[in-house]
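Note sheet for the following structure.
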Amino acid sequence: MAIYFYNNWIPTLLNGSGLSQREIVTITTALPFGGVVGTLLIAPVLIKLGSFRTVALGYLCAAVAMIVLANAGSSFLALALCVFAVGFFLIGTQSALNASSALIYPPSLRSTGVGWGFGIGRIGSIISPSIAGVLVAFHWQPAQLFLIAAVPTLVASLTAYVLMTMLRKSGASAASSLGDAKALA
């Protein structure tokens, strides 16, 4: 949900901040640029920490970056760096989640399970901008909106942690089909 919120609302929320249009475009571009860098750098972390531990930690870092962004004020440099960090952790972690989600399904259900996950995720692409639009109509400030976006991200972090713990306790039977039970941790 948070990815769609940031993609759709950053330019609008920064419009009344006193920043120039060029600065707003640069800040907005920092999100996907951070995501590209985060996606490229997450693979070694996945290998070192394991998939769901990486996802839990990545989403936690994304939520922290959102909280810092909410308190960044209207400084161009601070906003650009914070939005880059949000993209780095949020989009980079989403890439790790997409790759890791297949590990929880037996081989005969992997494509169906992952497909359903992507489908459910698309609900966020509809709901998130709509909720933000309602909150903007209620005159919520950008900092408040950046903070509220951290909530589903924290829930995702906690969910990945709980899933990791459950899979570890179950003997990692799903990973045994891949021959790597450690990948789930």
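Fewest to most neighbouring Cβ within 10 Å: what's the order for 31, 79?
Fewest-to-most ranking of 31, 79: 31, 79.
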Alpha-carbon Rg with Dmax, taken over region 30-93, Å: 11.9, 38
Between helix 76-100 and the chain: long-axis angle, C-alpha atoms, 0 to 90°, nearest 10: 20 degrees
Residues 82, 61, sorted so that the one with the fewest Cβ neighbours within 10 Å comes first: 61, 82
Nearest 10 degrees, 0 to 90: helix 2-14 Cα axis against the chain principal axis: 10 degrees
Scattering profile of region 1-143 at q = 0.11, 0.13, 0.20 Å⁻¹ [log10 I(q)/I(0), Debye over alpha-carbon scatterers]: -0.45, -0.62, -1.21
Between helix 150-169 and the chain: long-axis angle, C-alpha atoms, 0 to 90°, nearest 10: 10 degrees
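Read the figures in this text as sums done on the coordinates, not as results from a lab. Quick caveat, the model's predicted, so the values are computed rather than measured. A quick note on method: Cβ atoms are made from the backbone with ideal geometry, for glycine too, and the neighbour counts reach across all protein chains shown.
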